[in-house]
Amino acid sequence: MRVSALFSGGKDSAYALYLMQQQGWEVASLLTVVPKASDSYMFHYPNIHWTKLQAEAMGIPIKYRESSGLKEEELKDVEELMKGEDCDGFVCGAIASDYQRSRLDEIAHKLGKPLHAPLWRKDQVTLLEDMVHAGFKFMIAGVYAEGFDEGWLGKIITSHSIRELEKLRDKYRISVSGEGGEIETFVLDAPNFSKSIHIEEAHANWSRHSGNFTIQKASLEDKKKV
């Protein structure tokens, strides 16, 4: 099975394509929409340009398309990316967002190809634990909900921080995986990366209950031997 992956650089899209590879499928390309608006309904915003390093680390070609980020209008942009692909289907990292899943399903159906969402409706805490256990290293690139503070920006997600997210969920009713737009992540290393991403310069920007951790300079480096 030859598939193209809708890829944001975050934990969900990265883990979804990894699971497809584990099943023996070929991930032929990564499709990344770059929104002009920071509040895109469909796509990640912080550090989206650094997906080029992730693509290089995985050895998968990546294709970009800029989008206004406006609701519904951005769907035309992702369709333009998808319709040009020589593949048997598509992969996305949707977990619980009916808005995202239904729109992507419609586009895939229109193109006559299936959309695979291996994370769909999975328990969010279990998913995070599985990612960490599999060797994914990912950080918080943005937080946009009450309960978070500046200390979350740039934080690497571990078993301990998953417990912290559970406490925030219980108190503030957030989505642990960020499916409600509460958090965005960026993957620094994974089992299917030949090298890991090293952040050389970054800037944290905070205001009230939200903020971004923006990578300004980064490079690929050899993985540390355990």
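How high is the FRET efficiency between HIS209 and ASP86 when r is their beta carbon distance and R₀ equals 45 Å, given to the nearest 0.05?
The computed FRET efficiency comes out at 0.55.
Contour minus end-to-end for LEU220 and GLU106, with contour as 0.36 nm per residue of separation and end-to-end as the Cα-Cα distance?
Gain in length upon complete extension: 37.4 nm.
Could you give me the ³J(HN,Hα) list for the range 119-129, computed from phi with Karplus coefficients 6.51, -1.76, 1.60 and θ = phi - 60°, whole Hz, x at Gly and Pro?
Karplus values, whole Hz, x for Gly and Pro: 9, 4, 6, 6, 4, 5, 5, 4, 4, 4, 5.
Arranged by the count of other C-beta atoms within 10 angstrom, fewest first, what order do TYR18, TYR64 take?
Working: TYR18 23, TYR64 15.
Neighbour counts put them in this order, fewest first: TYR64, TYR18.
Semi-axes, largest first, in whole Å: what does sqrt of 5 times each Cα gyration tensor eigenvalue give for the range 2-116?
In descending order, the three semi-axes are 19, 17, 13 Å.
Taking 7 Å along the Cα-to-C-beta vector as the label spot, tell me the ARG173-GLU150 distance in nanometres, rounded to one decimal.
3.0
Find the Rg to Rh ratio for the range 101-226, where Rh is the Kirkwood radius over alpha-carbon pairs and Rg uses the same atoms.
Ratio of gyration radius to Kirkwood radius for the range 101-226: 1.01.
Please report the antiparallel percentage of DSSP beta bridges with both residues in the chain, rounded to the nearest 5. List each step's numbers first, then the result.
On the way: 21 of 37 bridges.
If I count the DSSP bridges inside the chain, around 55 percent turn out antiparallel.
Lys/Arg Cβ at +1, Asp/Glu Cβ at -1, dipole of the chain taken about the Cα centre: which of SER68, SER175, ILE156 is farthest positive-ward?
ILE156
To the nearest 20 Debye, how big is the dipole of the chain about its Cα centre, given +1 on the beta carbon of each Lys and Arg and -1 on that of each Asp and Glu?
I would put it at about 300 debye.
Given Cβ point charges of +1 (Lys, Arg) and -1 (Asp, Glu) and nothing else, what value in debye, to the nearest 20, does the dipole of the range 2-116 about its Cα centre take?
Dipole magnitude for the range 2-116 comes out near 120 debye.
State which entries of LYS83/LYS224; LYS52/LYS167; LYS171/LYS195; LYS113/LYS217; LYS63/LYS110 exceed 31 angstrom in Cα-Cα distance in the structure shown.
LYS83/LYS224; LYS52/LYS167; LYS171/LYS195; LYS113/LYS217
How large is ³J(HN,Hα) for each residue in the range 136-142, as worked out from phi by the Karplus curve 6.51 cos²θ - 1.76 cosθ + 1.60 (θ = phi - 60°), to whole Hz, x for Gly and Pro?
7, 10, 9, 10, 7, 9, x
Every number in this text was worked out from the coordinates using simple rules, so none of it is lab data. This one's a predicted model, so the numbers in the text were calculated from it and none came from an experiment. With ideal geometry, Cβ positions are generated from the backbone for all residues, glycine too; neighbour counts draw on all protein chains shown.
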